[in-house]
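Notes for the one structure printed next.
The values are calculated or read from the model by the stated rules, or taken from the named source; none is laboratory data. In this text, all values refer to a predicted model and were calculated from it rather than measured experimentally. Note that each Cβ is placed from the backbone with ideal geometry, even for glycine, and that neighbours are counted across all protein chains shown. Surface areas here come from the heavy atoms of the whole protein model, side chains and all, with no ligands, DNA or RNA. Shrake-Rupley method; radii C 1.70, N 1.55, O 1.52, S 1.80 Å.
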Amino acid sequence: MNGRRPLVAVWLLALWLAIAGNVPLWQRVDALVSSPSQRLALFAGLGLLVAGATAALLSLMAWPRVFRPVATALALVSAFNTHFMLQYGAVIDPTMLANVAQTDVREVRDLLSWSLPVTVLLVAGMPLWWIWRRPLATRSWLPQTGRNVLGVLAGLGLVMVVVLLAYQDLASLMRNQKSLRYMINPLNTVYAATRLAADQLPRQVRALQPVGEDAKLGASYARQQRPPLLLLVVGETARAQSFGLNGYARATTPALARWQAESGLVNFSQAQACGTNTQVSLPCLFSPLTREQGGDRIAEHENLLDVLQRAGLAVLWIDNQAGCKGVCARVPTVSTLDLQLPGLCGGGECFDAAMLERLDERVAALDPERSARGVVLVMHQMGSHGPAYFRRSPPDRKPFMPECASNTLHDCPPEQLVNAYDNTIAYTDHFLDTALQWLQARASSGANDTGLIYVSDHGESLGENGLYLHGVPYALAPRQQTHVPMVVWLSSGLLERTGLHTGCLRNRSAVPVAHDHFFHSVLGLMDVATGAYERSLDALAPCAAAAFAQLRQTGSRQ
Ligand SMILES: [Zn+2]
């Protein structure tokens, strides 16, 4: 049997992937352009452009042993991308791909649905069958190299010709619709993977740069009667818009509203996330760098937890998710999954309340020398992680019914999807309520001066503008994905100790804050003196009594 001619295989596959592998792109272009002639020109132009670039890529790989695995990977990538784009309005950029690479079984299971194999079969089935039926013809390597080079040049030549002919139309389309470039399969993934590899390789060999090597405890520790205990709750996928505290029409946060009315909880209504996915936001939240300074890029520095620990405090990270993205690498950690708590855990995951079990024991088990100075606990929530929102709240904690009980979001009426999401927020409200009660009890018993900061890592789209989930490139992201809820509560002991005033905090609660402020606000609150602390980025500092602030500044200069 003769082998298939590489030229034929390359171009047929390139054309197929350009057309059948880009249904979401064609849908979007179709919706954007109203004139039929312009639409035809754009379809033809973009189609040939994608086919040419894909053919160039495939020609590079048109070696007998290499071609079929590469072609298979590209066809499958196009098919999977098509599914997630159609299903969730996702686009593929480097951070999205990094997310995919770091996901776990639970997240994957949540994303699976019957439409995935159907899409994969429709997009990749036929080309794969055709490719694997016969191998490529074998030639000696010199003529094959020549042909491959010619193939690459032909593909790039086609791209050049199309760009020259249709420059105006294509350029204006791409300028106005930046997300389109992340919709071009499979080139978006090839680009993202190359960028990620280029970013990651040199960094892996480099050690993290130390931060706050001069960190030490401030003056308040010398005269303390009770050690401070601060609980940092990192929310997941909670958006500010769906928080009752922020004026949402539904009572999704009744308990927090009570804490706000009766016990001094402060709601920061204008908090901005650093990224639109966990992969970016979580490290950025704990980073000494602002987003502008590169806090949203792969961490090259130690983080807040390292500084707190270096100052001599006890730090504990409690995780109810797919891990801490490197943030907790150098501090003690507990994963709820290892606890197997009956009623709270099952099917490889736990409700967030599992993190609140046996907390007193957990604190008692910390290094006694450190915890006598002070404690910082971090709880990393499962929160509102989608698309299986219905899995995030227990059956007896679902005030909004009926709820969408499918992870194929399109299958549910929009209001049921919103119900399922709002139930996750109501459950977070309950979770924070329980956490606050525990903190209150520890303060009342005289064990600690306690406080809580809750902030979500990023928001979520629930079908607005046809978008679902999150992860839209930051510059293009809708407010639903970047505006996050944030609340602060401080016991009277901690208020006294820090010189902060609730009235002042409330007056300033609508001033815009961001993940950028987290690092410095926590250092300020815990009175850790270090050159890494910047008062201008401490969101609470403007409300500290002048005398105390003075003291802290002097402390940091010593
Ligand atoms: Zn997240």
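Using amide H atoms built 1.01 Å from N in the peptide plane, name the residues 5+ places from SER456, or on other chains, whose amide H lies under 5 Å from its own. Long-range HN contacts for SER456: GLY235.
3J(HN,Hα) along the range 27-33, derived from phi through the Karplus expression 6.51 cos²θ - 1.76 cosθ + 1.60 where θ = phi - 60°, amounts to 4, 5, 4, 4, 6, 7, 10 Hz, with x in place of Gly and Pro.
Along the range 228-241 the Karplus relation, 6.51 cos²θ - 1.76 cosθ + 1.60 evaluated at θ = phi - 60°, assigns HN-Hα couplings of x, 9, 10, 9, 9, 9, 8, x, 10, 6, 8, 9, 4, 4 Hz to successive residues, with x for each Gly and Pro. Within the assembled protein chains, the solvent-accessible surface assigned to GLU361 is about 120 Å², based on a 1.4 Å probe. Given R0 = 25 Å, the distance between the Cβ atoms of ARG109 and LEU341 translates into a calculated FRET efficiency of 0.80. How would you classify the range 25-139 from its alpha-carbon gyration tensor, with a ≥ b ≥ c the square roots of the eigenvalues: rounded for a/c under 1.5, else prolate if a/b is greater than b/c, otherwise oblate? Oblate, since a/c reaches 1.5 and b/c is not below a/b. If you line up the long axis of helix 6-20 against the longest principal axis of the chain, both from Cα atoms, how many degrees apart are they, to the nearest 10? So the helix axis and the longest Cα principal axis differ by about 50 degrees.
Relative to the longest principal axis of the Cα atoms of the chain, the long axis of helix 36-60 makes an angle of roughly 90 degrees. Near PHE268, the amide H atoms lying under 5 Å from its own belong to MET486, VAL487, VAL488; only residues 5 or more places off or on other chains count, and H is placed 1.01 Å from N.
Quick one: compute the contact order of the range 215-267, relative version, from alpha carbon pairs under 8 angstrom and 6+ residues apart, as a percent. Kindly include the intermediate steps, with their values, before the conclusion.
Numbers: 23 pairs, mean separation 9.3, N = 53.
Reported as a whole number, the value is 18 percent.
How big is the dipole moment of the chain about its Cα centre under a simple scheme where the beta carbon of each Lys and Arg is +1, that of each Asp and Glu is -1, and everything else is neutral? Debye, nearest 20, please. Let's see the in-between values first.
Numbers: 45 positive and 41 negative charges, 354 e Å.
Once rounded to the nearest 20, the dipole reads 1700 debye.
On the beta carbon distance between ALA365 and HIS501, with R0 = 35 Å, the FRET formula returns roughly 0.50. A crude spin-label estimate for the pair ARG258 and ALA405, with each label 7 Å from Cα along the Cβ direction, gives 2.9 nm. In this structure the range 218-320 gives 32 Å² per residue of accessible area when probed at 1.4 Å with all protein chains present. When the surface is traced with a 1.4 Å probe over the full set of protein chains, VAL123 keeps roughly 10 Å² accessible. Of the peptides 2-11, 413-422, 276-285, the ranking by mean beta-carbon count within 10 Å, highest at the top, reads 276-285, 413-422, 2-11. When +1 charges are put on Lys and Arg Cβ atoms and -1 charges on Asp and Glu Cβ atoms, the dipole computed for the range 34-184 relative to its Cα centre reaches about 480 debye.
When DSSP beta bridges are limited to those with both residues in the chain, what percentage is antiparallel, rounded to the nearest 5? The antiparallel proportion sits near 40 percent. Accessible-area rank, largest first, for LEU495, LEU32: LEU32, LEU495, with all protein chains present and a 1.4 angstrom probe.
Around the amide H of VAL334, modelled in the peptide plane, lie the amide H atoms of TRP317, ILE318, ASP319, all under 5 Å away and 5 or more residues distant in sequence or on another chain. From its DSSP helices (H runs of at least four residues, each -39,500 (n - 2.57)), the chain gives a residue-normalised ellipticity at 222 nm of -15000 deg cm²/dmol. The mean sequence separation of alpha-carbon pairs under 8 Å and at least six residues apart, normalised by the residue count of the chain, gives a relative contact order of 20 percent. Between helix 187-204 and the chain there is an angle of about 50 degrees, using the helix long axis and the longest principal axis of the Cα atoms. Each peptide in 15-27, 343-355, 309-321 was scored by the mean count of other Cβ atoms within 10 Å over its residues; highest first, the order is 309-321, 15-27, 343-355.
Anisotropy class assigned to the chain is prolate, per the alpha carbon gyration tensor with a/c at or over the 1.5 cut-off and a/b larger than b/c. Ordered by solvent-accessible area of protein heavy atoms (1.4 Å probe), largest first, the residues TRP438, TRP129 come out as TRP129, TRP438.
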